[in-house]
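Novice: My questions all concern the structure below.
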Amino acid sequence: MVTVYDVPAEKLILKVAEKLKGCDAIEAPAWAEFAKTGRHTEKAPAQEDWWYTRSAAILRKLYVKGPMGSSKLAAEYGGYADKGSMPNRAIKGSRNIARKCMMQLEKAGYLVSVEKKGRGISPSGMSLLDNSAKEVYDEMKA
């Protein structure tokens, strides 16, 4: 049985993002085209469908690393802030983006709330990721 661990993350995330575009519960907010993904970035993402890619990446990360909240997810998507002549410093990404993505994924039924740990992946979320991993695996073998 093929799982998330058996295929490259980048290909899996792109495959899941395509599937999430068809889901009615997941939609980019109106402000998403103008928002930066954190203080460490200079501009908003260049991709038009970056919201679905981030949602798919969050879904995969919660599958691999277990339940976590928006603060830990923001740290996962953080980077280094340019502080001029001072040394760069690691900072978190946007908690708002992580929180909104998790709320939409929970509404779609792919995540569940875990007591005092944040949100974890639901059985339907595992199924979506594993089926997508199987498709990616088959494409790689062909």
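The values are calculated or read from the model by the stated rules, or taken from the named source; none is laboratory data. Source: prediction; values computed, not measured. Ideal geometry is used to build each Cβ from the backbone, glycine not excepted, and the neighbour counts take in all protein chains shown. What goes into the accessible areas is simple: the full protein's heavy atoms, side chains included, and nothing from ligands, DNA or RNA. Shrake-Rupley method; radii C 1.70, N 1.55, O 1.52, S 1.80 Å.
Novice: Specify the residue that is farthest from the chain's Cα centre (by Cα); the eligible residues are those in region 45-72 that are of a type in the set (A, V, I, L, M) and surrounded by 14 or more Cβ atoms within 10 Å (Cβ to Cβ).
Specialist: Filtering region 45-72 for residues that are of a type in the set (A, V, I, L, M) and surrounded by 14 or more Cβ atoms within 10 Å (Cβ to Cβ), the one farthest from the chain's Cα centre (by Cα) comes out as MET68.
Novice: Continuing with this model, one more query. Can you find a residue that is in contact with a Gly (Cβ under 7 Å, 6 or more places away or on another chain), among the hydroxyl-bearing types (Ser, Thr, Tyr), assigned to a loop (DSSP other than H, G, I, E, B) and in contact (Cβ under 8 Å) with a residue 60 or more places away in the chain anywhere in region 58-78?
Specialist: For region 58-78, residues in contact with a Gly (Cβ under 7 Å, 6 or more places away or on another chain), among the hydroxyl-bearing types (Ser, Thr, Tyr), assigned to a loop (DSSP other than H, G, I, E, B) and in contact (Cβ under 8 Å) with a residue 60 or more places away in the chain: absent.
Novice: So, one more: ALA44 passes all but one of (1) among the aliphatic types (A, V, I, L, M); (2) out of contact with any strand residue (DSSP E or B) (no Cβ under 6 Å at 6 or more places or on another chain); (3) under 23 Å from PRO8 (Cβ atoms); which number fails?
Specialist: Of (1) among the aliphatic types (A, V, I, L, M); (2) out of contact with any strand residue (DSSP E or B) (no Cβ under 6 Å at 6 or more places or on another chain); (3) under 23 Å from PRO8 (Cβ atoms), only one is false for ALA44: (3).
Novice: At least 2 residues that are over 22 Å from PRO29 (Cα atoms) and open to solvent by less than 50 Å² (accessible area, probe 1.4 Å) in each: list the strands (runs of 3 or more DSSP E) lying fully within region 86-127 that qualify.
Specialist: It comes to 118-121.
Novice: Still on this structure, I have one more. Please go through region 57-71 and give me each residue that is among the polar types (S, T, N, Q) and closer than 10 Å to MET102 by Cα, ordered by number.
Specialist: Once the filter is applied, which keeps residues that are among the polar types (S, T, N, Q) and closer than 10 Å to MET102 by Cα, region 57-71 yields only SER70.
Novice: Suppose we filter LYS83, LYS19 for residues that are modelled with pLDDT under 95 and open to solvent by less than 100 Å² (accessible area, probe 1.4 Å); which single one remains?
Specialist: Matching residue, one of LYS83, LYS19: LYS83.
Novice: Ok, one more. With respect to the numbered conditions (1) open to solvent by 50 Å² or more (accessible area, probe 1.4 Å); (2) within 28 Å of ASN131 (Cβ to Cβ); (3) outside any helix (DSSP H, G or I), which one is the sole condition not fulfilled by ILE26?
Specialist: (1)
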